[in-house]
Amino acid sequence: MKRIAQKNKKQHEKKETCSIVLKPVTSVAVAPVRSEGVSVEALLASVPRASRFLTAVQFYPGLFDRLEPAGLTREELAEGWSLLRFDVEHPPSPPRVQEKASAAGITGCEAFLEHEVALARGKLSLRFPDQLAFLFEGIDDDARGVEAVITASLFASRCRQLGHAPERAAVRDRDEEAVVALRTVGVTPERLDAVDDLAALARRLDPQLPPVSTTWEEQRLAVLRKLHTWITVWSEQARRVLVRKDDLQRLGILKRHHRKPKPALAPLARSVEEEGPDSRAA
């Protein structure tokens, strides 16, 4: 028994030695990715993946900072947004070239109105009626499209005037209290800056088209390949440096591990009654 106990102790110490916790990665190089052999269906699937990834980095404070060790920069984000704005579903109409708001920017402004602005209205209505009237004059929480971009920009501008505008000096103390209350529902300076970025994105022109010698199909395939490479690389980079499960869920890159099915239970031993009188006698 003593020899068995010593053997079990050595095995336990060996397991503890093998289970070494790796140090967090501080700097990771971007690995090359080939997308030439990827099917069109897989390339198209990169569009919603990239949209979710970029929107999460844009919306959630601190997420970009946690991704910086992976090598992610503002220039890399701008490249991702530029690729995402290319319309891969509808070829352009040659005789008609017009400016249109970016779908990603509009969607972001609509989400801001539906969530943070709606929560801010409820929060201020309890204790800050004057600030509520100032911020929400002419504001429609249900605005859509270009109206949502205009409304979100107007609301962000008014939020910055609370506690700073000279014409509101008489109620500055209450304005500052209202600013603190707004931060509890997500209307922070960082969030307002992100709304400004979304509004600017929504007002931009469509991406420049490649030379006329290439067809729209060729342009589309080139953009999809670049976007597939972009989201594949940065998804893998993010998994290497992020340790929080909620960050991975927001980016849409959390890998789900399917549980193995439990083995079937062994058949129960026969009861004494089933074995018969001979076995009982034994």
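Phi angles of segment 179-189 translate, via the Karplus equation with coefficients 6.51, -1.76, 1.60 and θ = phi - 60°, into HN-Hα couplings of 4, 5, 5, 5, 5, 5, 10, x, 8, 9, x Hz per residue; Gly and Pro are given as x. How much net charge surrounds residue 56 when only other residues with a Cβ under 13 Å from its Cβ are counted (Lys, Arg +1; Asp, Glu -1)? Net of charged neighbours comes to +3. Legend: ranking of residues 51, 46 from fewest to most surrounding C-beta atoms inside 10 Å; resulting order 51, 46. Which net charge results for the neighbourhood of residue 247, defined as the other residues with beta-carbon distances under 15 angstrom from its beta-carbon, given Lys and Arg at +1 and Asp and Glu at -1? Residues near residue 247 contribute +4 overall. Here the dipole of segment 101-205 is about 100 debye; that uses its Cα centre as origin and unit charges on the Cβ of Lys and Arg (positive) and Asp and Glu (negative).
Taking a ≥ b ≥ c as the square roots of the eigenvalues of the alpha-carbon gyration tensor, segment 35-190 is classed prolate because a/c is 1.5 or more and a/b outweighs b/c.
Between residue 103 and residue 127, the FRET efficiency estimated from the beta carbon spacing at R0 = 35 angstrom works out to 0.40.
May I ask which residue of 102, 150, 169 lies farthest towards the positive end of the charge dipole of segment 97-210, with charges of +1 (Lys, Arg) and -1 (Asp, Glu) on Cβ and the Cα centre as origin? Of the candidates, 169 comes out farthest on the positive side.
Can you give the local net charge around residue 141? Use residues other than it whose beta-carbon is closer than 9 angstrom to its beta-carbon, Lys and Arg +1, Asp and Glu -1. Net of charged neighbours comes to -2.
Judged by the gyration tensor of its Cα atoms, with axes a ≥ b ≥ c, segment 101-205 is prolate; a/c meets the 1.5 cut and a/b is the larger of a/b and b/c. Prolate is the label for segment 134-174, because a/c, from the alpha-carbon gyration tensor with a ≥ b ≥ c as root eigenvalues, is 1.5 or above and a/b exceeds b/c.
Values quoted throughout were computed directly from the atomic coordinates according to the rules given, and no laboratory measurement underlies them. Every value quoted in this text rests on a predicted model; they were computed, and no experiment measured them. Glycine gets a Cβ as well: all are built from the backbone with ideal geometry, and neighbour counts include every protein chain shown.
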